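Remarks on the structure that follows.
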Amino acid sequence: MRQQRVDSWWAQWTRVGGTCAPPASPATSAFERTLDAYTSLTAPYVRGCWVFLTVAVVVAAGSLLGAVLGLVVQSAFFMVIGAYCLANFARCREAHCIVTGVGWAALAVAGVTAAVMGRDVRTAAWIAFLVIFVLGHGFEAIWKSVHGSNALRLSES
């Protein structure tokens, strides 16, 4: 599955794998091909309308498995989506991805740490997940309004 280039935020969230990012340049290394393969594999589940179903499955699994295992499953999801955002940022430079990628990966580590300590922070973690989402997309909206593009590029070279 390839990400589909769309022109609006609404289209991005109503199409499976929709993206407003500028197209990535052709992969020139095995690492870039790996990043492209990862984003292609995970995009249908973590981007656009299907992410809501993915989250529902993760929440249900987390509830059925109890506090510790549920938190591990939840943290695994946070790591998958955080890694997706970091890979997407590396290839397409979508501004929100640097905030959400780092934030969700850190949230995954915090979740695993809490699970090891026997603490049930599932609800707080989902709240943090949403806060990171809002911060990331808010950052992108500001970036786009200032720079005319949602691609975070510090130089035009």
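Roughly speaking, what is the centre-to-centre gap between region 65-102 and region 117-133 when only Cα atoms are used, to the nearest Å?
With region 65-102 and region 117-133 each reduced to a Cα centre, they are spaced 13 Å.
Contour minus end-to-end for VAL131 and SER25, with contour as 0.36 nm per residue of separation and end-to-end as the Cα-Cα distance?
35.1 nm
Taking the Cβ of each residue in TYR45, TYR38 as the centre, tally the other Cβ atoms inside 10 Å and list the residues starting with the fewest.
Fewest to most other Cβ atoms nearby, the residues stand as TYR38, TYR45.
How do the peptides 77-85, 27-35 rank, highest first, by the average count of neighbouring beta carbon atoms within 10 Å per residue?
77-85, 27-35
Can you bin region 4-147 into rounded, prolate or oblate? Criterion: square roots of the alpha carbon gyration tensor eigenvalues sorted a ≥ b ≥ c, rounded for a/c under 1.5, prolate for a/b above b/c, oblate for the rest.
Prolate.
Please give me, ordered by residue number, the trypsin sites (Lys or Arg not before Pro) of region 111-157 that lie in loop per DSSP and have at most 13 other Cβ atoms within 10 Å.
Those that pass, being in a loop and sparsely packed, are ARG153.
Step through the residues of region 81-90 one at a time and calculate ³J(HN,Hα) from phi using the Karplus curve (6.51 cos²θ - 1.76 cosθ + 1.60, θ = phi - 60°), rounding each to whole Hz and writing x for Gly and Pro.
6, x, 5, 4, 4, 5, 5, 5, 5, 4
Throughout, read-outs are computed from the coordinates displayed, never taken from laboratory work. In this text the structure is predicted, and so the values were computed from the model without any measurement. Methodologically, a virtual Cβ is constructed for each residue, glycine included, from the backbone with ideal geometry; neighbour enumeration extends over all protein chains shown.
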